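**Student:** Structure below; questions to follow.
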There are 2 protein chains.
Amino acid sequence: MKQTNLFTKTLHDAPKDETARNAQLLIRAGFVHKEMAGVYDLLPLGLRVVENIKQIVREEMEGIGATELLMSSMQNKNIWTCTDRWDDKIVDVWFKSKLHAGGEVGFGWSHEEPITHMMTNHIASYKDLPVYVYQFQNKLRNELRAKAGVMRGREFLMKDMYSYSADKETHEKFYEAAKEAYVRVFARLGLGSDTFVTFANGGAFTKFSHEFQTICSAGEDVVYINREKGIAINEEVLNDETLNELGVTKSELEKVVTAEVGNIFNFGTEKCEQMDLYFTNSEGEKTPAFLGSYGIGITRLLGVIAEKFSDENGLVWPENIAPFSVHLISINADTEGQNLYDQLQKKGVSVLWDNRDARAGQKFADSDLIGIPHRVVISPKTIEQGGLEIKMRSQAETTIVSIDDFIKSLVQ
Amino acid sequence: MKQTNLFTKTLHDAPKDETARNAQLLIRAGFVHKEMAGVYDLLPLGLRVVENIKQIVREEMEGIGATELLMSSMQNKNIWTCTDRWDDKIVDVWFKSKLHAGGEVGFGWSHEEPITHMMTNHIASYKDLPVYVYQFQNKLRNELRAKAGVMRGREFLMKDMYSYSADKETHEKFYEAAKEAYVRVFARLGLGSDTFVTFANGGAFTKFSHEFQTICSAGEDVVYINREKGIAINEEVLNDETLNELGVTKSELEKVVTAEVGNIFNFGTEKCEQMDLYFTNSEGEKTPAFLGSYGIGITRLLGVIAEKFSDENGLVWPENIAPFSVHLISINADTEGQNLYDQLQKKGVSVLWDNRDARAGQKFADSDLIGIPHRVVISPKTIEQGGLEIKMRSQAETTIVSIDDFIKSLVQ
């Protein structure tokens with residue numbers, strides 16, 4: 001893409017009311033626009049990063065046999081009354097509105113009830129199970145406070161997955177497969193070494209749920225970790241009983257501030273009982289399905305990554321999710337720039353070409369702020385020195401490489 | 001995909017309260033689930049079709065230089081008061097809710113105001129123009145009635161594009177380019193010969209807007225067309241003045257019932273004046289930008305295509321947007337089916353394999369209902385006859401083709 005076609009301008013300052021570092025950087029670099037507190041638009045650069053994150057998540061969910069669908073945002077009151085969760089005293093984040101046609105409607109803050117209700121149309125026999133489905137859905141939550149930038153929005157994108165199984169064994173096998181898929185997702189996002197499968201509050205069916213907590217000073221959780229033993233415990237369940245069960249003492253644990261980037265939850269058969277999702281098992285008996293629920297905060301990840309992969313000059317995107325792979329900057333070398341841009345495009349390299357009529361200093365500062373992994377400069381000076389100046393955003397050194405060698409070095 | 005991994009079951013009957021043929025078919029075949037009146041979930045087959053429609057639209061919008069972004073669903077009251085359109089008396093389809101943090105929030109029924117407001121951050125000089133952006137956004141509208149199935153939902157997916165131009169000439173040039181891109185979109189969707197660029201009500205700036213109206217008995221509009229002259233007039237502007245201006249008489253026109261699948265609207269400078277989107281032109285003067293707005297109803301198209309491409313046995317998807325290209329049906333030939341499925345997958349053919357333990361009659365009926373373009377049957381009988389039985393969903397004849405010839409006939 002030519003930068004002259006990218007309408008967003010970098011901004012020297014973030015809005016005054018924006019206190020979160022992730023949102024300040026993402027706004028200044030033109031990745032998001034703040035619509036109101038806790039609500040952000042995805043501008044072209046931000047949308048590209050989010051689509052890259054989604055694609056990694058999608059591949060891993062498809063890899064364990066889940067199928068994508070998309071539930072509506074508008075939700076039916078009757079479905080939520082089955083579990084008492086329509087009640088504002090029980091769920092305090094509902095946005096609701098009145099239908100002109102009569103009655104009330106809710107806007108989806110979660111989809112466990114609607115998906116489970118929908119499944120009653122499709123699951124009747126053990127032969128119909130298991131079913132694994134997921135979606136990327138915009139969640140709307142009436143949060144009292146929204147101060148963590150895109151890490152905790154009133155509107156945010158989530159991947160939510162649901163497993164329906166006929167028996168405990170199948171159920172637990174998928175639960176483990178999902179846990180492993182999540183580990184792969186966070187590794188691919190560059191968060192592997194700082195993300196911990198964390199014991200947290202369970203529900204009626206299991207003592208613990210599993211959260212995926214990433215060390216991040218802007219996070220809202222406190223977790224106690226032991227890196228050697230690979231143990232992490234949310235402070236909400238840190239007690240003698242838990243320590244005993246996990247075979248670790250408090251003195252062996254390190255206290256860290258984290259952001260919850262994923263969670264997996266075992267409902268057992270409770271939710272399906274409430275929602276009347278029963279099937280006929282192989283003995284001809286009516287029995288409720290086992291439900292697991294598996295979330296990943298997609299736009300929260302955008303925020304966490306912006307917090308963790310940035311320096312005083314701006315964002316430093318990991319290669320896997322960067323909006324572009326190469327930031328080509330031409331300085332007084334329009335023809336050579338166009339030539340190189342065309343060659344890179346032909347090779348299938350994702351490239352943003354700063355073809356603007358602007359000062360070199362401005363171009364370099366914007367490039368640092370936007371944070372594309374490979375910066376490639378072409379100018380009369382670099383040509384005289386033998387070709388292009390290459391610099392990784394994450395490193396200080398620059399090197400001069402001939403145009404031919406650079407093109408050859410690219411994966412087709 | 002193996003059909004045993006597709007959780008959706010075909011249904012003999014649609015829900016009793018569903019009167020629209022498009023929704024009846026899409027529900028029965030497992031493409032959508034009805035959440036409530038005017039609100040549908042996209043099940044895996046439906047999501048695949050919608051993604052295919054989106055991809056065609058995306059390619060054509062990128063082709064005329066537009067860039068994708070994604071605005072939020074939650075909207076700021078202050079932005080809409082600039083144009084008086086927060087007022088329920090002026091816009092009667094708002095869903096609004098109260099924020100726990102205080103104040104009101106609206107849910108996006110349109111994005112003209114928020115996008116234009118956001119652009120004031122990025123457009124300051126004539127050098128920043130033109131800007132062309134588009135999105136695929138879920139719109140929420142509090143419609144009093146919702147009886148046309150997915151053709152007119154309370155929640156629906158729309159592609160909306162916006163052009164900001166410095167002068168009338170650039171503005172009109174893009175308006176024409178968008179019109180031509182729209183013609184290409186509808187041609188690629190298989191609706192070309194039944195879709196007409198239609199003169200309709202304009203606004204303050206222009207006498208007419210342009211609607212794209214597709215002949216469809218389930219539609220809500222009435223249009224007068226002359227196929228030879230390529231003229232179409234919405235009945236709302238059918239008067240002597242219009243006829244005169246377009247050089248056609250009423251007797252030359254054919255009255256048809258249509259569905260509006262797209263519209264393009266010329267705001268001139270009016271909206272930018274209201275929203276304070278002024279830029280400094282090359283003479284150093286402050287001047288408002290020209291705005292064009294360009295919509296395509298993505299989920300409406302799903303409905304229109306279901307209405308138009310279907311017969312008494314079910315859906316008949318055009319190749320370009322079908323959920324899969326090939327419906328492979330194995331009957332008492334699991335090993336041969338698996339083999340062929342693997343080969344097709346390796347060739348990159350999108351294939352749904354009916355590997356279910358079900359009667360042949362059930363499989364054929366489901367295949368007709370789902371409507372994948374190419375049906376390929378493998379059974380001991382077809383093998384004895386020389387290979388596979390091939391049938392197009394849109395045609396009655398079957399032919400026997402050897403497996404080798406079939407594989408060779410496929411695009412790589």
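**Student:** Taking segment B:26-35 as the region of interest, how many residues are under 22 Å from B:Met158 (Cβ atoms) and either more than 8 Å from chain A (Cβ to nearest Cβ) or at pLDDT below 95 (or both)?
**Tutor:** 5
**Student:** Suppose we keep only residues that are in contact with a strand residue (DSSP E or B) (Cβ under 9 Å, 6 or more places away or on another chain), of a type in the set (Asp, Glu) and within 12 Å of chain B (Cβ to nearest Cβ) within segment A:82-113. Which one would you say is nearest to B:Lys96 (Cα to Cα)?
**Tutor:** A:Glu104
**Student:** Take the residues in segment A:158-192 that are among the basic types (Lys, Arg) and surrounded by fewer than 21 Cβ atoms within 10 Å (Cβ to Cβ); name whichever of them is farthest from A:Cys272 (Cα to Cα). Show your work before the answer.
**Tutor:** The initial filter retains those residues of segment A:158-192 that are among the basic types (Lys, Arg), namely A:159, A:168, A:173, A:179, A:184, A:188.
Next, from what is left, pick out any that are surrounded by fewer than 21 Cβ atoms within 10 Å (Cβ to Cβ): A:168, A:173, A:179, A:184, A:188.
Numbers: A:Lys168: 14, A:Lys173: 19, A:Lys179: 22, A:Arg184: 29, A:Arg188: 34 Å.
Only one residue fits best here, namely A:Arg188.
**Student:** Could you check A:Val351 against (1) over 28 Å from the mean Cα position of the chain (by Cα); (2) crowded, with 18+ Cβ neighbours inside 10 Å and say which number it fails?
**Tutor:** (1)
**Student:** Which residues, taken from segment B:191-246, are among the aliphatic types (A, V, I, L, M) and under 26 Å from B:Ser310 (Cβ atoms)?
**Tutor:** Answer for segment B:191-246, where residues must be among the aliphatic types (A, V, I, L, M) and under 26 Å from B:Ser310 (Cβ atoms): B:Leu191, B:Val197, B:Ile215, B:Ala218, B:Val222, B:Val223, B:Ile225, B:Ala232.
**Student:** Something else: From the set of residues in segment B:366-412 that are aliphatic (A, V, I, L, M) and in a helix (DSSP H, G or I), which is surrounded by the most Cβ atoms within 10 Å (Cβ to Cβ)?
**Tutor:** Applying the filter and picking the extreme gives B:Ile370.
**Student:** Taking segment A:298-308, which residues are buried (at least 20 other Cβ atoms within 10 Å of the Cβ) and in contact with a Leu (Cβ under 8 Å, 6 or more places away or on another chain)?
**Tutor:** Of everything in segment A:298-308, those that are buried (at least 20 other Cβ atoms within 10 Å of the Cβ) and in contact with a Leu (Cβ under 8 Å, 6 or more places away or on another chain) turn out to be A:Ile298, A:Thr299, A:Leu301, A:Leu302, A:Gly303, A:Val304, A:Ile305, A:Ala306.
**Student:** Taking the criterion of being within 27 Å of A:Lys271 (Cα to Cα), in contact with a Gly (Cβ under 8 Å, 6 or more places away or on another chain) and of a type in the set (D, E, K, R), would at least one residue in segment A:172-192 satisfy it?
**Tutor:** No - not one qualifying residue is present in segment A:172-192.
The rows are residues; the columns are (1) in contact with a Ser or Thr (Cβ under 9 Å, 6 or more places away or on another chain); (2) closer than 12 Å to B:Tyr294 by Cα.
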residue	(1), (2)
B:Asn121	yes, no
B:Glu143	no, no
B:Asp160	yes, yes
B:Ser165	no, no
B:Tyr175	yes, yes
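**Student:** Tell me, please, whether a residue that is under 30 Å from B:Ile372 (Cα atoms) and in contact (Cβ under 8 Å) with a residue 60 or more places away in the chain can be found in segment B:249-258.
**Tutor:** yes
**Student:** On to the next question. Looking only at segment A:269-286, filter to residues that are of a type outside the set (Phe, Trp, Tyr) and touching a strand residue (DSSP E or B) at 6+ places or on another chain (Cβ under 6 Å); which one of those is surrounded by the most Cβ atoms within 10 Å (Cβ to Cβ)?
**Tutor:** A:Lys271
**Student:** Of B:Leu140, B:Leu129, B:Leu144, which residue is surrounded by fewer than 20 Cβ atoms within 10 Å (Cβ to Cβ), assigned by TED's automatic domain parsing to the domain that holds B:Asn281 and hydrophobic (A, V, I, L, M, F, W, C)?
**Tutor:** B:Leu144
**Student:** Specify the residue that is farthest from A:Gly30 (Cα to Cα); the eligible residues are those in segment A:344-365 that are of a type in the set (S, T, N, Q) and in a helix (DSSP H, G or I).
**Tutor:** A:Gln345
**Student:** Taking the criterion of being within 25 Å of A:Leu129 (Cα to Cα), among the basic types (Lys, Arg) and within 14 Å of another protein chain (Cβ to nearest Cβ), would at least one residue in segment B:358-365 satisfy it?
**Tutor:** No, segment B:358-365 contains no residue that is within 25 Å of A:Leu129 (Cα to Cα), among the basic types (Lys, Arg) and within 14 Å of another protein chain (Cβ to nearest Cβ).
**Student:** Restricting to segment B:238-275, give me the number of residues that are assigned to a loop (DSSP other than H, G, I, E, B), within 22 Å of B:Val222 (Cα to Cα) and not small (Gly, Ala, Ser).
**Tutor:** 5
**Student:** Shifting gears a bit: For segment B:352-400, which positions are among the small types (Gly, Ala, Ser) and without any contact (Cβ under 8 Å) to a residue 12 or more places away in the chain?
**Tutor:** Correct list: B:Ala358, B:Gly361, B:Ala396.
**Student:** Taking segment A:1-25 only, how many residues are closer than 16 Å to A:Glu35 by Cα and more than 9 Å from every other protein chain (Cβ to nearest Cβ)?
**Tutor:** Within segment A:1-25, residues that are closer than 16 Å to A:Glu35 by Cα and more than 9 Å from every other protein chain (Cβ to nearest Cβ) number 11.
**Student:** A further question on this structure: Would it be correct to say that A:Ser293 is outside the structural domain of A:Val150 (by TED's automatic domain parsing) and touching an Asp or Glu at 6+ places or on another chain (Cβ under 8 Å)?
**Tutor:** no
**Student:** Just one of (1) touching a Pro at 6+ places or on another chain (Cβ under 9 Å); (2) surrounded by fewer than 24 Cβ atoms within 10 Å (Cβ to Cβ); (3) modelled with pLDDT of 95 or more trips up B:Ala289, so point out which.
**Tutor:** (2)
**Student:** For segment A:128-146, state whether one or more residues are part of a helix (DSSP H, G or I), touching a residue at least 24 places away in the same chain (Cβ under 8 Å) and within 12 Å of chain B (Cβ to nearest Cβ).
**Tutor:** yes
**Student:** Sort out which residues of segment A:314-337 are over 28 Å from A:Leu11 (Cβ atoms) and either without any contact (Cβ under 8 Å) to a residue 24 or more places away in the chain or assigned to a loop (DSSP other than H, G, I, E, B) (or both), and write them in order of number.
**Tutor:** A:Thr335
**Student:** Within the group B:Asn76, B:Asn22, B:Asn52, which residue is within 30 Å of B:Asn339 (Cβ to Cβ) and either of a type in the set (A, V, I, L, M, F, W, C) or at pLDDT 95 or above (or both)?
**Tutor:** Selected residue: B:Asn52, the only one of B:Asn76, B:Asn22, B:Asn52 that is within 30 Å of B:Asn339 (Cβ to Cβ) and either of a type in the set (A, V, I, L, M, F, W, C) or at pLDDT 95 or above (or both).
**Student:** Can you work out which of the residues in segment B:163-186 that are under 25 Å from B:Ala306 (Cβ atoms) and not hydroxyl-bearing (Ser, Thr, Tyr) is nearest to the other protein chains (Cβ to nearest Cβ)?
**Tutor:** B:Ala181
Residues are listed down the side, and each one gets a yes or a no for (1) farther than 23 Å from B:Met61 by Cα; (2) in contact with a strand residue (DSSP E or B) (Cβ under 9 Å, 6 or more places away or on another chain); (3) at pLDDT 95 or above:
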residue	(1), (2), (3)
B:Leu191	no, yes, yes
B:Lys207	yes, yes, no
B:Ile215	yes, yes, yes
B:Arg227	yes, yes, no
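**Student:** Quick one: how many residues across segment B:147-162 are over 26 Å from B:Ala20 (Cα atoms) and away from chain A (no Cβ under 11 Å)? Outline the logic, then answer.
**Tutor:** Within segment B:147-162, the subset over 26 Å from B:Ala20 (Cα atoms) is B:161-162.
With the extra rule that they be away from chain A (no Cβ under 11 Å), the set shrinks to B:161.
Within segment B:147-162, residues that are over 26 Å from B:Ala20 (Cα atoms) and away from chain A (no Cβ under 11 Å) number 1.
**Student:** How many residues does segment A:208-231 hold that are under 24 Å from A:Gly149 (Cβ atoms), among the hydrophobic types (A, V, I, L, M, F, W, C) and in a strand (DSSP E or B)?
**Tutor:** 4
The values are calculated or read from the model by the stated rules, or taken from the named source; none is laboratory data. Nothing here was measured: the structure is a model prediction, and the numbers come from that model. Cβ atoms come from the backbone with ideal geometry, glycine included; neighbour counts cover every protein chain shown.
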